[in-house]
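Presented below is the structure to which this report refers.
The values are calculated or read from the model by the stated rules, or taken from the named source; none is laboratory data. Being a predicted model, the structure only gives us computed values, none of them experimental. Glycine gets a Cβ as well: all are built from the backbone with ideal geometry, and neighbour counts include every protein chain shown. Keep in mind that these areas ignore ligands, DNA and RNA; they rest on the heavy atoms of the full protein, side chains included. Shrake-Rupley method; radii C 1.70, N 1.55, O 1.52, S 1.80 Å.
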Amino acid sequence: MAPYKYLEEYNIEITSEVRGFYDRILKEIGEDTEREGLEKTPERAAKALLFLTQGYRQDAVKILEGAMFKESYSEMVIIKDIELYSLCEHHMLPFFGKAHVAYIPDGHIVGLSKIPRVVDVFARRLQVQERLTDDILECLNQTLNPKGVAVVIEAAHMCMMMRGVQKQNSVTTTSGFRGQFEKIETRNEFLKLISSDLS
Ligand SMILES: Nc1nc2c(ncn2[C@@H]2O[C@H](COP(=O)(O)OP(=O)(O)OP(=O)(O)O)[C@@H](O)[C@H]2O)c(=O)[nH]1
Ligand SMILES: [Zn+2]
């Protein structure tokens, strides 16, 4: 990742470019970009889009490596109900829901907050839910080298709600399992714990 100073300069430059594109889009849909309510909208929209896609400029491996600790604990560690907001790459509309992540350490544990941070790094890009699931899974597997890792994502897609097929209540579930979670008993224990209020 670029040093902070350069990242800031990059952000200012790209915000101004994207602001220009939003200005053009507003005009194309028939809006008056001079009216008071819209005066700052291109800039706000540009900043929002850059925030929602900041994952492209972040390094999930570094986030994990910065907080790995030698520890002999070797049972399942589960962080469930991690809220996530992403953008579908087909329509650039939000999909949002929860991620449930587990790993079984093999000599190293990781700072708990780093797991939701990794979820955000991959969610804040243009995604499909399947690839988001795999990105989180592979990053944890390759960086922590755990005995096993599991990721389940449940999400609602605005492109299926506000437009298109217009289904308001459908939820999409994706999952991925590596190592010991490929064994049915371990996987079932994880699935049972994420559906319980006590895990
Ligand atoms: N597999 C997958 N599909 C997604 C995801 N997000 C959106 N989609 C789908 O991407 C597909 C794009 O299909 P197209 O037929 O090219 O686009 P479209 O004409 O806008 O399709 P409709 O949404 O059915 O109106 C749609 O079926 C969306 O539901 C995702 O995360 N995973
Ligand atoms: Zn979509």
*If you take the residues of segment 169-190 that are of a type outside the set (Lys, Arg), in contact with a helix residue (DSSP H, G or I) (Cβ under 8 Å, 6 or more places away or on another chain) and away from ligand 2 (no atom under 15 Å from the Cβ), which of them is nearest to residue 93 (Cα to Cα)?*
175
*Test residue 147 against the stated conditions and say whether it is open to solvent by 50 Å² or more (accessible area, probe 1.4 Å), among the basic types (Lys, Arg), in contact (Cβ under 8 Å) with a residue 40 or more places away in the chain and away from ligand 1 (no atom under 16 Å from the Cβ).*
yes
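Look at residue 143 and say whether it is within 18 Å of the chain's Cα centre (by Cα), under 20 Å from residue 81 (Cα atoms) and of a type outside the set (Phe, Trp, Tyr).
no
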*Can you name the number of the only condition in (1) modelled with pLDDT of 95 or more; (2) open to solvent by 70 Å² or more (accessible area, probe 1.4 Å) that residue 55 fails?*
(2)
_Looking at 89, 75, 65, can you tell me which residue is in contact (Cβ under 8 Å) with a residue 24 or more places away in the chain, more than 20 Å from residue 181 (Cβ to Cβ) and more than 16 Å from ligand 2 (Cβ to nearest atom)?_
65
*asked:* Checking the conditions here, which among 104, 184, 109 is loosely packed, with under 15 Cβ neighbours inside 10 Å and away from ligand 1 (no atom under 12 Å from the Cβ)?
replied: 184
*asked:* Being surrounded by 23 or more Cβ atoms within 10 Å (Cβ to Cβ) and either over 17 Å from residue 56 (Cα atoms) or within 16 Å of ligand 2 (Cβ to nearest atom) (or both) is the filter here; which residues of segment 116-131 pass it?
replied: 123
